[in-house]
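Let me begin by presenting the structure, written as C-alpha cells, before commenting on it.
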Amino acid sequence: MAIRLPENLAPENYPMGWLVDSWHGGGVLEYEGVDAAAYLHELTIDASDGGPYLKITSNVWLANEPAGIVDKEAPGQVTYDQLTKAELWSTHTGFVRVNPESEQRPDGSSELEAMLVTPAGLAHAWVGLINGPRFQLVIDGVMRSASGAQVDGARILGGSVGSELFYAIDMEAFGSDMRSYMAGRMSRQFDDAVDPVVNDAVSDDAGAGPAAGQTAAGQPGADQPAADQVSP
C-alpha cells in the first residue's frame, strides 16, 4: 500500500507515520439509550509543527440518512459521499505520541500515550500499543468538569488495509458496562497540509519509516451536551 512518509515527523514517532493524513469516512453508532444512527467522520492526524507528538482533530456528524443505508463493506470515501451532515455529534482534539520512556517490545510494538479533550467537559488520558498497521488504545484516566458527561472508560481497536482505516470503539458510560459504541472505516485523503515539508517517497508497507525502516487514532464521542449524545 502507498503511504506518505512525513518529512516533519519526529523520529520517535516513526511507528505512527502511516497515520499522518486527513481521513474521511463514516459508519454506524449505537449505545444504550441511543438508537442506531449513520454518521460521517473527518479525522486529521497532523505532523505539521515537527514536535515529538502528532496533533489529532476528530469531528463526527450524525447523518440525515438512516443507519441501514451504510454498507460496511464499502470504502470510507463511498460512505462519506453517500451521507449528508445533520447535527455535529462529537468533536475531539488532542495529541498522541510514542512513549519516550519505553522501549520497543520484542513483538515490534511501541507504547502510545494520548491526551484528548472535548467541549462536553471531558479530558481523557489514553494508553495503548501500535504495531505496524494495527493499534489499540484504552482510557487510562478521566477528568471531567462539574457538568461533564459520565464516561468512565473506552477502548479503540484500529488498523489499515490499503488506503483504508478501520476502527471499532467500545465504551463504558452512563452506568452501562463496556459495550460496542461505534464502528466505521475511513479513506486516506493524501492531504499535504498535515506535513508541509512533503516527501515524495512512498512505501509499500504500513510499518516502513522514513529513516528507521519502521513506522506505524476517531475518536469516540458525543460532545454536544444539548443533543444529549453519548461519548468518551
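The values are calculated or read from the model by the stated rules, or taken from the named source; none is laboratory data. This one's a predicted model, so the numbers in the text were calculated from it and none came from an experiment. A quick note on method: Cβ atoms are made from the backbone with ideal geometry, for glycine too, and the neighbour counts reach across all protein chains shown. SASA here: full protein model, heavy atoms, side chains in, ligands and nucleic acids out. Shrake-Rupley method; radii C 1.70, N 1.55, O 1.52, S 1.80 Å.
Here are the numbers for this structure:
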quantity	calculated
Nearest-10 value in Å² for the accessible area of residue 144, using the 1.4 Å probe	100
Charge sum, other residues only, whose C-beta stays under 11 Å from residue 26's C-beta, Lys/Arg counted +1 and Asp/Glu -1	-1
Total charge dipole magnitude, region 158-199, about the Cα centre, Cβ charges on Lys, Arg, Asp, Glu only, Debye to nearest 20	140
FRET E, pair residue 49, residue 150, Förster distance 25 Å, beta-carbon r, rounded to 0.05	0.15
Gained length - residue 104 relative to residue 86, 0.36 nm times residue gap less alpha-carbon distance	2.2 nm
Two-site FRET efficiency, residue 176 against residue 78, from Cβ-Cβ distance with R₀ of 30 Å, rounded to 0.05	0.40
Exposure rank, largest accessible area first [152, 81, 35, 46; 1.4 Å]	35, 81, 152, 46
Residue 164 - accessible surface, heavy atoms, 1.4 Å probe, Å² rounded to 10	20
Candidate residues 112, 129: accessible-area rank, largest first, probe 1.4 Å	129, 112
Coordinate range along principal axes, alpha carbons of region 1-129, Å, largest first	45, 37, 30
Cα-projected label distance for residue 134 with residue 95, points at 7 Å along beta-carbon direction, nm	3.0
Region 8-53, relative contact order [Cα under 8 Å, separation at least 6], %	49
Largest-first ordering by accessible area, 1.4 Å probe, given options 166, 190, 135	190, 166, 135
